[in-house]
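Trainee: First the structure, then my questions, so here it is.
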Amino acid sequence: MIDLSSEFGEHAARRLHDEEVIWLTTIASDGSPQPNPVWFLWDGTSFLIYTKPGTSKLMNISRNPRVSLNLEGATPLGGDVVIITGTASVEEHTLEPNPLFFTKYESVMEKSGRTFAEVYQEYSVTIRVVPSKVRGF
């Protein structure tokens, strides 16, 4: 978990709140890492990610739920990195999307001309990642 009392923890929590994209890395059947950029919501204890059904990332998680999440380096030389390892689970999609997820991505969806209902229907599978370790530099 993120120690919010540390300087790094405070900074990481701020980035997890503000960033729009995080890289979700799953492991393919041949053992190779498979990174994918995804939208996410950090609620303070877990990450919520919506995805399309039938994706490789879902098959990978069903075989091996260990994943990593990475925020891109925020400095010109690649510093200010946040790396999270954890366990992913696939959840039944609820009838109502998380309103905080909608709020976070409302302006992005408006720019694309799509409604949240359209996006939520297409990305109809929920992945939840519970972090076990956080590190960065």
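Only the coordinates and a few stated rules stand behind these numbers; no lab work does. All figures in this text were calculated on a predicted structure; none of them were measured in a lab. In this analysis, Cβ positions are derived from the backbone assuming ideal geometry, glycine residues included, and neighbour counts consider all displayed protein chains.
Trainee: By how many nm would the segment from Glu20 to Ser6 lengthen if fully extended, with 0.36 nm per residue of separation less the alpha-carbon distance?
Mentor: Using 0.36 nm per residue and subtracting the Cα-Cα distance, I get 2.7 nm.
Trainee: Net charge around Met59, counting only other residues with Cβ within less than 13 Å of its Cβ (Lys, Arg = +1; Asp, Glu = -1)?
Mentor: Within the 13 Å Cβ shell, the charges total +2.
Trainee: Please express the Cα-Cα pair-distance distribution P(r) of segment 7-136 as a list of whole percents, one per 10 Å bin, running from 0 to the bin with the greatest distance.
Mentor: For segment 7-136, the binned pair fractions read 12, 43, 35, 10, 0 percent.
Trainee: Taking a cut-off of 21 Å between Cα atoms, list the lysines near Lys133, but don't count ones fewer than 8 places away on the same chain.
Mentor: Lys57
Trainee: Under a crude label model (7 Å from the Cα following the beta-carbon direction), how far is Gln34 from Glu106 in nanometres?
Mentor: Reported label-point gap for Gln34 and Glu106 is 3.5 nm.
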